[in-house]
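The values are calculated or read from the model by the stated rules, or taken from the named source; none is laboratory data. The structure displayed is predicted, hence computed values, not measured ones. Because the Cβ atoms are built from the backbone with ideal geometry, glycine has one as well, and the counts that use them run over all protein chains shown. Just so you know, the surface numbers come from the protein's heavy atoms only, side chains and all, with ligands and any DNA or RNA stripped out. Shrake-Rupley method; radii C 1.70, N 1.55, O 1.52, S 1.80 Å.
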Amino acid sequence: MPDVATAAATATATATHLGRNIQQLREARGQSQQQIARVAGVPRATWANLESGGANPTLAVLIKVAQALQVRLEELIEPPRRAGRLYPASSLPSRKRGAVTVRKLLPETLPGLEIERMELPSGAAMAGVPHTPGTREYLTCERGQIELSAGGSAWTLGPGDVVVFRGDQKHGYRNPGPGPTVAYSVVAFAPVASE
């Protein structure tokens with residue numbers, strides 16, 4: 001069982017993290033304390049107190065702050081993020097679908113988005129998975145050629161080309177060229193209606 005001194009030190013560190021995180025997130029959005037306090041529905045003095053690290057906010061206030069800053073509640077109290085972090089390619093999740101290598105492009109999940117890098121050897125093909133109704137998909141070719149078939153249509157993309165299509169239908173990818181292809185898929189999922 002932690003002693004009183006350890007508990008007090010943890011509480012102080014959490015309040016300090018909270019203050020730094022709130023200030024960094026607000027400044028990253030280019031908003032003043034007054035502006036973001038209004039969005040959160042809390043007095044500016046409360047916001048200033050939170051940023052100072054001297055506040056002991058209620059859960060209700062923390063939820064309002066997290067919603068105004070559009071972050072998870074945990075992000076407010078965890079240790080502040082470093083200025084940057086390198087993720088080696090080998091640390092990003094990847095999988096094989098036949099001869100095609102599909103790798104997540106980002107180490108973190110972005111709500112409503114899926115971004116992947118596809119590497120297709122010459123002649124390789126892969127069926128896409130239809131997503132929820134209303135989903136849009138963006139396919140761009142980085143290197144080589146990629147052929148997309150979707151909804152009875154087909155497009156052949158070269159480097160820099162982009163096709164936007166409904167991701168809620170059957171679709172597939174193929175490398176028709178003589179060399180390897182690298183392409184990127186961005187899936188913007190349709191919002192799920194709440195009941």
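Summary table
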item: Filter result (hydrophobic (A, V, I, L, M, F, W, C), out of contact with any Gly (no Cβ under 6 Å at 6 or more places or on another chain) and modelled with pLDDT under 90) within the range 1-44; result: MET1, VAL4, ALA5, ALA7, ALA8, ALA9, ALA11, ALA13, LEU18, ILE22, LEU25, ALA28
item: Residue match in the range 144-152 (condition: touching a Phe, Trp or Tyr at 6+ places or on another chain (Cβ under 9 Å), modelled with pLDDT under 95, surrounded by fewer than 14 Cβ atoms within 10 Å (Cβ to Cβ) and more than 25 Å from ARG72 (Cβ to Cβ)); result: yes
item: In the range 24-48, the residues that are in a helix (DSSP H, G or I) and of a type in the set (Val, Ile, Thr); result: ILE36, VAL39, THR46
item: Failed condition for ARG72, given (1) in contact with a helix residue (DSSP H, G or I) (Cβ under 9 Å, 6 or more places away or on another chain); (2) surrounded by fewer than 17 Cβ atoms within 10 Å (Cβ to Cβ); (3) over 24 Å from LEU110 (Cα atoms); (4) modelled with pLDDT under 90; result: (3)
item: Residue within the range 24-45 that is in contact (Cβ under 8 Å) with a residue 60 or more places away in the chain and over 30 Å from PRO159 (Cβ atoms) present; result: no
item: Residue within the range 167-187 that is touching a strand residue (DSSP E or B) at 6+ places or on another chain (Cβ under 7 Å), modelled with pLDDT under 95 and open to solvent by 50 Å² or more (accessible area, probe 1.4 Å) present; result: no
item: Residues within the range 159-179 that are within 21 Å of ILE115 (Cβ to Cβ) and assigned to a loop (DSSP other than H, G, I, E, B), tallied; result: 7
item: Residue identified as touching a Pro at 6+ places or on another chain (Cβ under 6 Å) and open to solvent by 90 Å² or more (accessible area, probe 1.4 Å) among ARG44, ARG20, ARG38; result: ARG20
